[in-house]
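Heads up: the structure comes next, in structure tokens.
What follows is calculated from the coordinates using simple rules that are stated; it is not laboratory data. Not measured: the values here are computed from a predicted model. Virtual Cβ from ideal backbone geometry, glycine too; neighbours counted across all protein chains shown.
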Amino acid sequence: MRIERMNGRGLRMTSATPLRVVAASALLLAAGGCSTIRDHRGYLVDPALTQSVLPGVDNRLSVEKSLGQPTLKSQFGQQSWYYVSLDTVQRPFTRPRIHAGSILRVSFDTAGTVQSVSNDGVEHAQRIVPDRHKTPTLGRDRSFFEDLFGNIGTVGAMPGAQGGQPGGGGGGRGGGGTGPNGS
């Protein structure tokens, strides 16, 4: 940046200086937006509470009161509750990635008493990738424009309307309607 002194009246910037200041400001703003985002998802682990769950002593009610609702419950086989905790990191223009995490598994027997408690890392979790194909369904396969403009002209039309009269055109007694009282 070049600054010149004028005859005792103050300082004067040259014409190239404002352009450099604007460019430097834009660069600083862009660099400030490129920071890494750290986030926590799921269960907040409290070691004192997780260690207080004892096999053979606690049951489903006491586990729920001390740890809260689980993240997942098993649907088949042995009844197990899973408490999932994930720490993620997201760099600019990317998807969040799992940095660290833990899975607390509490297994119950048929009576509802805690059988075992295990704490594993997320490296034991299986990654499920959904199939990207479409599931065929019954009915018509309509285009975007058929969906958008398909109802034009049908809005406000009543089934069984005759002669432009709303409601069936019977008008009075014995109107020949379809209801139990002729309406």
Only bridges with both residues in the stretch 54-124 count here: give the DSSP antiparallel percent, nearest 5. 100 percent
Step through the residues of the stretch 74-79 one at a time and calculate ³J(HN,Hα) from phi using the Karplus curve (6.51 cos²θ - 1.76 cosθ + 1.60, θ = phi - 60°), rounding each to whole Hz and writing x for Gly and Pro. 5, 9, 10, x, 5, 6
Restricting attention to the stretch 62-135, which trypsin sites (Lys or Arg not before Pro) occupy a DSSP loop and are surrounded by at most 15 other Cβ atoms within 10 Å? Arg127, Arg132, Lys134
Total charge dipole magnitude, the stretch 54-124, about the Cα centre, Cβ charges on Lys, Arg, Asp, Glu only, Debye to nearest 20: 300 debye
